[in-house]
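Report on the structure given below.
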Amino acid sequence: MTRASERTARELWFLTGSQHLYGEETLKRVAANSMHVAAGMNDAGVLPVKVVWKPVLTGPDAIRDVCLAANAAPECAGVITWMHTFSPAKMWIAGLTRLQKPLVHLHTQYNRDLPWGEIDMDFMNLNQSAHGDREYGFIAARLRLERKVVVGHWQDPEALQELAGWAQAAIALHESRDLKIARFGGMNMREVAVTGGDRVEAQIQLGWSVNGYGVGDLAARVAEVSDADVDQKLEEYDESYTLASALRRGGEKRENLRYAARQELGMRGFLDEGGFGAFTTTFEDLHGLKQLPGFACQRLMAQGYGFGAEGDWKTAALVRLAKVMSAGRGGGVSFMEDYTYHLAKGQERILGAHMLEVCPSIADAKPTLEVHPLDIGGKADPPRLVFTARPGPAVNATLADMGGRMRLIIAEVDVVTPEHAMPKLPTARALWIPRPDFKRGAQGWIEAGGGHHAAFCQSVTTEEWEDFGAMAGLEVIRLGADLDLRALRNELRWNDAAFKVAR
Ligand code: MN
């Protein structure tokens with residue numbers, strides 16, 4: 001799924017700082033060098049969007065104007081800044097205080113190597129990032145600007161990779177500021193705390209427009225779907241999955257699959273007509289629907305929509321943003337729930353799953369399409385895709401409303417292949433071990449207030465989520481291999497003060 005905001009955020013503007021003192025000749029070389037850097041970053045093919053070179057900046061008016069232009073340009077996802085020479089940083093105040101796009105400071109130097117035998121004062125004056133970037137860095141710090149500093153030569157693959165991750169986060173922020181979320185049934189699961197939150201606050205801070213829609217409206221849209229379109233969907237299912245015999249052509253539950261196709265098409269139509277990038281459902285309100293739309297949610301997630309069950313709009317939004325951040329990469333993203341545990345000492349595992357709604361983008365093999373009764377909701381037996389998540393590193397992201405601020409919790413996990421078959425489990429599943437280990441990982445997550453729903457990401461890194469959280473002004477808690485529970489407790493305690501001070 002590609003929405004308008006994703007298509008438009010296709011540029012990073014590259015701003016090079018200098019000053020008039022050096023004279024025409026030097027400034028020409030600065031311009032040529034910085035053009036070369038921009039072209040080199042594009043040619044490396046690592047960044048998700050194009051770097052667009054802008055004329056070298058030597059005065060406050062031009063700096064202010066280019067920052068205002070960046071704000072107004074829908075194609076600009078963020079701004080890269082670099083001081084080739086010294087650039088007195090008071091010149092940057094008017095621009096930086098107005099800039100509303102994500103900002104990265106690329107601390108690099110045109111020349112990789114010192115020309116040991118040739119070095120003279122001309123070289124020294126031309127290649128001044130070492131102190132020009134410190135002058136600039138001071139003003140960014142003095143202004144308390146949220147920005148990322150990437151250090152390294154501009155051809156260094158590691159530095160470029162870091163920049164690419166930041167760019168993915170910037171594109172996700174672009175999407176976030178424009179994200180519309182439809183809540184079918186319009187409510188959270190009754191009495192549940194962690195999936196709730198302040199929707200006005202979320203819109204102010206993150207841009208999310210979260211609104212509820214009657215299930216009757218969706219049911220009407222589902223009823224409008226044509227039989228021909230349903231037939232076409234069924235052909236697609238027949239090809240894409242291994243179908244249980246009851247769901248095959250002529251099978252006794254084929255009709256349930258037809259209805260699931262109708263739901264997928266009706267929901268997709270509803271979402272696209274309203275410009276929604278994410279949605280939630282609730283099994284407590286299915287008026288007018290014959291079955292819980294689980295398979296449809298799986299299918300729509302695979303098409304790029306964010307999803308949250310039981311009215312969980314926060315996780316729905318995170319799933320959508322993770323889909324945007326990982327676009328074009330291998331590896332999937334899914335709505336996920338910490339469901340049940342294996343607690344054998346030293347072999348602890350978390351079994352993640354949901355009633356139905358796990359995205360097949362994370363599957364390690366062709367999913368099977370099965371149909372089973374559902375104990376919750378009291379409706380017709382819903383089809384569902386069943387599979388196991390592919391092994392490897394992954395990240396769980398969840399958002400907790402702490403009252404007055406949102407806390408983004410990101411946990412690194414290692415997904416493993418189950419040692420045993422689970423032939424009676426009628427749902428897709430993922431089996432993982434949190435880092436640094438089960439005990440500390442689970443303890444940290446719970447002490448930080450992380451809920452049971454998360455965006456499970458195979459191809460978004462913790463650093464990319466941290467970049468996104470920082471850009472969005474969220475409190476970010478990362479749980480990884482270096483987790484220290486005492487330090488975490490202090491971090492949580494101190495963040496209460498930090499966020500009160502910030503406000
Ligand atoms: Mn749930």
Which ones in the stretch 265-295 are assigned to a helix (DSSP H, G or I), in contact with a Ser or Thr (Cβ under 9 Å, 6 or more places away or on another chain) and either open to solvent by 10 Å² or more (accessible area, probe 1.4 Å) or among the β-branched types (Val, Ile, Thr) (or both)? LEU265
For the stretch 184-216, what are the residues that are away from the ligand (no atom under 16 Å from the Cβ), of a type outside the set (Asp, Glu) and closer than 19 Å to ALA472 by Cα? ARG199, VAL200, ALA202, GLN203, ILE204, GLN205, LEU206, GLY207, TRP208, SER209, VAL210
Can you name the condition, by its number, that ARG190 falls short on among (1) open to solvent by 80 Å² or more (accessible area, probe 1.4 Å); (2) part of a helix (DSSP H, G or I); (3) in contact (Cβ under 8 Å) with a residue 24 or more places away in the chain; (4) of a type outside the set (A, V, I, L, M, F, W, C)? (2)
Does at least one position in the stretch 36-50 carry a residue that is under 18 Å from GLN128 (Cβ atoms), out of contact with any helix residue (DSSP H, G or I) (no Cβ under 8 Å at 6 or more places or on another chain), surrounded by fewer than 16 Cβ atoms within 10 Å (Cβ to Cβ) and in the same structural domain as GLN161 (by TED's automatic domain parsing)? yes
Hey, THR427 hits all of (1) closer than 20 Å to GLY308 by Cβ; (2) buried (at least 23 other Cβ atoms within 10 Å of the Cβ) but one; which does it fall short on? (2)
Cβ-Cβ under 6 Å, sequence separation 6+ or interchain: first residue in the stretch 304-322 and over 15 Å from HIS452 (Cα atoms) and assigned by TED's automatic domain parsing to the domain that holds ALA193, partner open to solvent by 10 Å² or more (accessible area, probe 1.4 Å) and basic (Lys, Arg). Which pairs? GLY304/LYS323
Just one of TYR259, TYR241 is open to solvent by 10 Å² or more (accessible area, probe 1.4 Å) and under 27 Å from GLY331 (Cβ atoms); which is it? TYR241
Restrict the check to the stretch 373-394 and report whether at least one residue is surrounded by 24 or more Cβ atoms within 10 Å (Cβ to Cβ), at pLDDT below 95 and not aromatic (Phe, Trp, Tyr). yes
Having 3 or more residues that are under 22 Å from the mean Cα position of the chain (by Cα) is the bar; report the strands (runs of 3 or more DSSP E) wholly within the stretch 331-423 that clear it. 333-342, 392-401, 406-415
Per-region count, the stretch 296-330, residues more than 15 Å from the ligand (Cβ to nearest atom) and in a loop (DSSP other than H, G, I, E, B): 8
Is it fair to say ASP122 is free of Cβ contacts under 8 Å to residues at least 60 places away in the same chain, part of a helix (DSSP H, G or I) and surrounded by 14 or more Cβ atoms within 10 Å (Cβ to Cβ)? no
Examine the stretch 171-178 for a residue that is on the phi < 0 side of the Ramachandran plot, within 16 Å of the ligand (Cβ to nearest atom) and open to solvent by 70 Å² or more (accessible area, probe 1.4 Å), and state whether such a residue exists. no
Checking the conditions here, which among GLN155, GLN168, GLN161 is away from the ligand (no atom under 16 Å from the Cβ), more than 27 Å from GLY450 (Cβ to Cβ) and part of a helix (DSSP H, G or I)? GLN161
Residue match in the stretch 195-205 (condition: outside any helix (DSSP H, G or I) and in contact with a His (Cβ under 7 Å, 6 or more places away or on another chain)): yes
Return the pair list, or none, for Cβ contacts closer than 7 Å from residues in the stretch 32-51 that are among the basic types (Lys, Arg) to residues that are open to solvent by 50 Å² or more (accessible area, probe 1.4 Å), at least 6 apart or on different chains. LYS50/ARG10; LYS50/ASN42
Return the pair list, or none, for Cβ contacts closer than 6 Å from residues in the stretch 444-459 that are more than 9 Å from SER334 (Cα to Cα) to residues that are within 16 Å of the ligand (Cβ to nearest atom) and open to solvent by 10 Å² or more (accessible area, probe 1.4 Å), at least 6 apart or on different chains. GLY451/VAL194; HIS452/GLU337; HIS452/ASP338; HIS453/GLU337
Candidate set from the stretch 258-295 (those that are within 22 Å of the chain's Cα centre (by Cα) and closer than 20 Å to ILE376 by Cα); member that is modelled with the highest pLDDT: THR280
Do you know which residues across the stretch 438-496 are within 16 Å of the ligand (Cβ to nearest atom) and open to solvent by less than 20 Å² (accessible area, probe 1.4 Å)? GLY450, GLY451, HIS453, ALA454, ALA455, PHE456
When residues of the stretch 445-503 are filtered for being farther than 19 Å from LYS148 by Cα, among the basic types (Lys, Arg) and not in a loop (DSSP other than H, G, I, E, B), how many remain? 4
With THR16, THR85, THR97 as the choices, which residue is open to solvent by 20 Å² or more (accessible area, probe 1.4 Å) and touching a Leu at 6+ places or on another chain (Cβ under 8 Å)? THR97
Is one or more of the residues making up the stretch 336-355 open to solvent by less than 30 Å² (accessible area, probe 1.4 Å), within 16 Å of the ligand (Cβ to nearest atom), aromatic (Phe, Trp, Tyr) and assigned by TED's automatic domain parsing to the domain that holds THR461? no
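The values are calculated or read from the model by the stated rules, or taken from the named source; none is laboratory data. Quantities reported herein were computed from a predicted structural model and do not represent experimental measurements. Virtual Cβ from ideal backbone geometry, glycine too; neighbours counted across all protein chains shown. Accessible surface is based on the protein model in full, side chains and every heavy atom, while ligands, DNA and RNA are left aside. Shrake-Rupley method; radii C 1.70, N 1.55, O 1.52, S 1.80 Å.
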